[in-house]
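The structure appears right after this line, and notes come after that.
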Amino acid sequence: MPQRIGQYTVATPSRPALLSYAAAVGNKEGDGPLGSCFDYIAEDTTMGRGSWEQAESMLQKTAVQIALKKIDLAARQIDLIFAGDLLNQCIGSTFGLRDFGIPLIGLFGACSTMALSLLNAALAVDAGAARYAVAVTSSHFCSAERQFRQPLDYGGQRPPTAQWTVTGAGACVVGHGEGIAVEALTPGRVVDLGIKDANNMGAAMAPAAADTILRFLKDTGTEPGDYDRIFTGDLGVIGSRLLCELLDKEGIDLRAVHRDCGVMIFDRERQDVHAGGSGCGCSASVLCAHILPEMAAGRLKNVLFCATGALMSPTSSQQGESIPGIAHLVHLRA
């Protein structure tokens, strides 16, 4: 059963494992530095579907199918699936997963949803509520731009702080057995420092990432140097710099071990993505295509995965609200 460590962190003594994982992405992501790592790369942004939203659903479906196939599990053997995305009513997940017939627990953590879904799946398996659970999320550049910013054919100028929403999905199968172990979890708190610029997600999310990482380190009595890597979700170059500056004020230097999925997934100079990648599919696809395979190969053994999210909506932005941030953390060990 889960056990609390300190004030905010929960250990999973039975050590639920990530038994299988898969990432499906778009062609721009496939053309990036991690292109050779992905399980599936779409030829175009529609994946042969009638809309970008339908294409995003196909990304989730594809990632889950590949993850299940890797360990020869059928959908009927999965007890729970934890999923969410950026779209209204999480339609990327509900329409993408409806054919599996797996009990669905829908989640919304914005771009932090991969860590949020993984956190819940690990808790369910550790508590005995599920033998096998799947954690999955996705995003799509075109569907996200249309919902949160402006029509694609508007052709507006993107500022240097803007990030490129990743077209991609990642799925993990969680259960007991051989795999990457989930050792502990720190759920995020809502942190809001008053950022209102929807084209500066890194600045809005960095305070939440700093808060969660700081709370985990205090709860566990550890330091950044105790970990091979501390990955954040999609802060981009600006948010990553702010994260390190915020933790500097707490006497914590993260720079030697910190990496950000939003910086890793694209070549910023060649692919013109400004401050880096973002979206639910950013940390999800980097986790499933790069981080976990690196751990399985023994090149990384002790990792913190801290996905970050901006909890805004088109309605809140139109009403002049600020952008609350959140970050959920999962401690992984090979």
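The values are calculated or read from the model by the stated rules, or taken from the named source; none is laboratory data. Model, not experiment: these values are computed from the prediction. Note that each Cβ is placed from the backbone with ideal geometry, even for glycine, and that neighbours are counted across all protein chains shown.
Details
- In segment 282-314, the qualifying residues are those that are of a type in the set (S, T, N, Q) and surrounded by fewer than 24 Cβ atoms within 10 Å (Cβ to Cβ), and the one that is farthest from Gly188 (Cα to Cα) is Asn302.
- Counted residues, segment 33-46 - those being buried (at least 21 other Cβ atoms within 10 Å of the Cβ) and either at pLDDT below 95 or more than 18 Å from the chain's Cα centre (by Cα) (or both): 1
- If you check Ile265, Ile252 for being surrounded by fewer than 24 Cβ atoms within 10 Å (Cβ to Cβ), in contact with an Asp or Glu (Cβ under 8 Å, 6 or more places away or on another chain) and outside the structural domain of Gly26 (by TED's automatic domain parsing), only one passes: Ile252.
- Taken over segment 156-197, the residue count meeting the criterion of being of a type in the set (Gly, Ala, Ser), modelled with pLDDT under 95 and either surrounded by 16 or more Cβ atoms within 10 Å (Cβ to Cβ) or under 15 Å from Gly233 (Cα atoms) (or both) is 2.
- Residue identified as part of a loop (DSSP other than H, G, I, E, B) and under 24 Å from Thr12 (Cα atoms) among Arg255, Arg299: Arg299
- Looking only at residues in segment 1-32 that are hydroxyl-bearing (Ser, Thr, Tyr) and more than 19 Å from Val174 (Cα to Cα), the one that is surrounded by the most Cβ atoms within 10 Å (Cβ to Cβ) is Thr9.
- Residue within segment 67-74 that is buried (at least 18 other Cβ atoms within 10 Å of the Cβ), out of contact with any helix residue (DSSP H, G or I) (no Cβ under 6 Å at 6 or more places or on another chain), of a type in the set (A, V, I, L, M, F, W, C) and closer than 28 Å to Asp267 by Cβ present: yes
- Condition check for Glu294: without any contact (Cβ under 8 Å) to a residue 12 or more places away in the chain and in contact with a strand residue (DSSP E or B) (Cβ under 9 Å, 6 or more places away or on another chain): yes
- Breaking point among (1) closer than 29 Å to Gly320 by Cα; (2) in a loop (DSSP other than H, G, I, E, B); (3) not charged (D, E, K, R); (4) not assigned by TED's automatic domain parsing to the domain that holds Ala75, for Leu242: (2)
- Taking the listed residues Gly92, Gly84, Gly48, the one that is of a type outside the set (A, V, I, L, M, F, W, C) and more than 22 Å from Gly109 (Cβ to Cβ) is Gly48, with no other qualifying.
- Matching residues, segment 224-260, being without any contact (Cβ under 8 Å) to a residue 40 or more places away in the chain and under 17 Å from Ala115 (Cβ atoms): Ser240, Leu243, His258, Arg259, Asp260
- Between Gly221, Gly188, the distinction of being free of Cβ contacts under 8 Å to residues at least 24 places away in the same chain and assigned by TED's automatic domain parsing to the domain that holds Cys288 belongs to Gly221 only.
- Qualifying residue in segment 72-81 (condition: outside the structural domain of Glu269 (by TED's automatic domain parsing), within 15 Å of the chain's Cα centre (by Cα) and modelled with pLDDT of 95 or more): no
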